[in-house]
Amino acid sequence: MSPSVPMLAGWAVQVDTLMAYRLLVVGNAVAFAASAIILVRLPPVPPGPVVRGPRWIALRDRPYLLLTGLDGIMAVQFKVLTVAIPLWLVGATAAPRWLVSGTMLISTVMVVALQVRASRGIDSPVAGGGAYRRAGVAFLISCSLVPLSAGLPGWAAAALLIAAVVIHTVGELWHSAAGFEVSFALAPAHATGQYLGVFGLGAGLAEGLGPALLIALCITWGAPGWYVVGGLFALTGLAAPLAVRWAERQRHSRPPHATTGSLSSP
């Protein structure tokens with residue numbers, strides 16, 4: 001889903017008509033079409049020289065695969081703001097429905113304004129591992145606040161949800177910076193594209209499985225599910241620095257690739 005669409009979802013939910021939901025789908029399609037137009041206009045990048053060796057080296061790099069899995073688990077957090085919190089807000093609280101758009105607007109403004117600042121100092125894999133850990137703690141706090149909004153007056157529920165969204169977005173800033181740093185820094189220069197493609201599998205799985213997981217835990221199960229999801233994020237954040245250290249040790253022990261030419265078969 002395009003990031004702009006959840007901001008319009010509050011209007012659709014508030015109006016609650018078939019036409020509003022159809023316009024939401026059309027708006028999503030238009031946003032994707034606009035993104036495609038921008039992407040196809042980007043200049044091509046010429047390929048670099050290839051290095052002799054096995055083709056699928058990223059799939060043999062166990063520490064990097066572990067980090068891919070951990071980042072995939074952490075990436076479920078992107079669906080908290082676009083799936084879990086909107087459904088919880090509408091179905092379990094007395095907060096006004098337009099707050100669905102309000103929370104997305106707050107998060108978007110924070111990301112635009114603070115992403116560069118939040119990324120300062122996250123300039124090494126070790127720093128990236130620390131950012132993962134901080135992100136996990138932020139997600140735990142945020143997920144622990146959301147269920148407390150049930151049963152409160154509308155204004156109190158809204159205030160608590162806004163606080164949860166702000167804290168969650170801070171965690172998102174740290175998580176995004178950590179993912180960029182770790183994925184690039186731990187990828188060999190001669191196979192960056194292959195490594196980043198593998199790393200993206202984690203986020204892809206989160207995109208596909210995250211909504212169902214969050215709905216099952218946070219919406220169907222209810223309040224306990226929020227604490228389980230928060231604990232999962234926190235444990236993932238604690239495991240990330242250990243995985244980074246393993247990947248660093250393997251990277252330093254990896255022999256340099258000095259011979260260029262065609263890649264050999266696996």
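The values are calculated or read from the model by the stated rules, or taken from the named source; none is laboratory data. Because the structure is a prediction, the values reported are computed rather than measured. Only protein heavy atoms, including side chains, enter the accessible area calculation; ligands, DNA and RNA are left aside. Shrake-Rupley method; radii C 1.70, N 1.55, O 1.52, S 1.80 Å.
Membrane-span-like helices in the chain, defined purely by DSSP H runs whose alpha carbon atoms cover 24 Å or more axially and whose average Kyte-Doolittle hydropathy reaches 1.6, are 18-40. Computed from the C-alpha gyration tensor, the three semi-axes of the ellipsoid equivalent to the stretch 122-206 are 34, 13, 8 Å, from longest to shortest.
With every protein chain left in place, what is the accessible area per residue of the chain in square angstrom, probe 1.4 Å? The partial results should precede the final answer.
On the way: 13780 Å² over 266 residues.
Averaged over the residues of the chain, the accessible area is 52 Å².
Counting only heavy atoms of the protein chains and using a 1.4 Å probe, ASP71 has close to 10 Å² of accessible surface.
Could you identify which residue out of ARG41, ARG60, ARG117 has the top mean-square fluctuation in a GNM of the chain using Cα springs shorter than 10 Å? Looking only at ARG41, ARG60, ARG117, the biggest GNM fluctuation is shown by ARG41.
If the Kirkwood radius is taken over C-alpha pairs of the chain, then at 4 °C and 1.567 mPa s the Stokes-Einstein diffusion coefficient equals 65 µm²/s.
Can you tell me the relative contact order of the stretch 77-151? Whole percent, Cα pairs under 8 Å, sequence separation 6 or more.
Details: 22 pairs, mean separation 30.9, N = 75.
Once normalised by length, the contact order is 41 percent.
In percent, rounded to a whole number, the relative contact order of the chain is 33, using alpha-carbon pairs under 8 Å and six or more apart. On the stretch 17-63, 73 percent of the accessible area sits on carbon and sulfur atoms, based on a 1.4 Å probe. Rolling a 1.4 Å probe over the protein chains gives SER107 an accessible area of about 10 Å².
Take the convex hull of the alpha carbons in the stretch 82-131; its mean projected area over all directions comes to 4.6 nm². Shape class for the stretch 129-266, computed from the alpha carbon gyration tensor (a ≥ b ≥ c): prolate, with a/c not under 1.5 and a/b above b/c. Comparing mean-square fluctuations of GLY210, GLY27, GLY102 from a GNM of the chain with C-alpha springs under 10 Å, the top value falls on GLY27.
Once you order the gyration tensor axes a ≥ b ≥ c over the Cα atoms, which shape class does the stretch 50-102 get: rounded for a/c under 1.5, otherwise prolate or oblate by comparing a/b with b/c? Walk me through the intermediate numbers first.
Details: a/c = 7.22, a/b = 4.03, b/c = 1.79.
It is prolate, given that a/c is not under 1.5 and a/b is the larger ratio.
Is the stretch 36-80 best put as rounded, prolate or oblate by its Cα gyration tensor, with a ≥ b ≥ c the root eigenvalues, rounded for a/c under 1.5, and otherwise prolate when a/b is larger than b/c, oblate when not? Judged from the Cα gyration tensor, the stretch 36-80 comes out oblate (a/c at least 1.5, b/c at or above a/b). With the largest listed first and rounded to whole Å, the semi-axes of the equivalent ellipsoid of the stretch 40-157 from the Cα gyration tensor are 38, 18, 15.
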